[in-house]
1. Percentage of Cα-Cα pair distances in the range 10-121 greater than 24 Å, rounded to whole percent?
2. Which one, 88, 80, 13, has the greatest fluctuation when you compute a Gaussian network model over the chain with C-alpha springs under 10 angstrom?
3. Need one number: nm distance between label points at residue 122 and residue 88, each 7 Å from Cα along Cα→Cβ, rounded to one decimal.
4. Report the gain in length on full extension from residue 95 to residue 79: 0.36 nm times residue separation, minus Cα-Cα distance, nm rounded to one decimal.
5. Would you please name the trypsin sites (Lys or Arg not before Pro) within the range 28-106 that are DSSP coil residues with at most 13 other C-beta atoms within 10 Å of their C-beta?
6. Run the reach check for residue 70 against lysines, Cα to Cα strictly under 17 Å, same-chain hits fewer than 8 apart removed. What comes back?
Amino acid sequence: MSFSFKGIDHIQLAAQEGCEDQARVFYGEILGLKEIPKPENLQKRGGCWFQCGNQEIHIGIQEGFVPAKKAHPGLVVENLAELRENLLKHEIIIKEEPPIEGRTRFFVDDPFGNRIEFLEFLK
């Protein structure tokens, strides 16, 4: 093959119309991700974008939105214990799952019901 994959540029999570303020609180204020501007030609669609390491998380508007309960992004975190404390302080429910060797992890639902995994690789 003459092509090769280089990584993931972004993930998109869906939400209902008018979700932007809640997205900014959860992804921006609680998780501490920096909001980045959407391209002007896409702004009329609604939603908002956030920087997550070298990748982006796009919150997009979906008509007839139903949250993803199984499909999810797995976000690598440095100091997962501190993130857990911050989420609990904001009354975010933490969902434990069976461990995976070499990493610690937990799940939460974003304000729209989408499943999000946070994990940290053990050293």
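1. Numbers: 1397 of 6216 pairs.
For the range 10-121, the fraction of Cα-Cα distances above 24 Å is 22 percent.
2. Greatest mean-square fluctuation among the candidates belongs to 88.
3. My value for the distance between the label points is 2.0 nm.
4. Working: separation 16, 0.36 × 16 = 5.76 nm, distance 1.76 nm.
Using 0.36 nm per residue and subtracting the Cα-Cα distance, I get 4.0 nm.
5. Values: sites: 34, 44, 45, 69, 70, 84, 89, 95, 103, 105; in loops: 69, 70.
Sites meeting the loop and neighbour criteria: 69, 70.
6. The qualifying lysines are 95.
Each reported figure results from applying straightforward, stated rules to the coordinates on display, with no laboratory input. As the structure is a computational prediction, the values presented were derived from the model and not from experiment. When we count neighbours, we look across all protein chains shown, and the Cβ atoms used for this are built from the backbone with ideal geometry, even at glycine.
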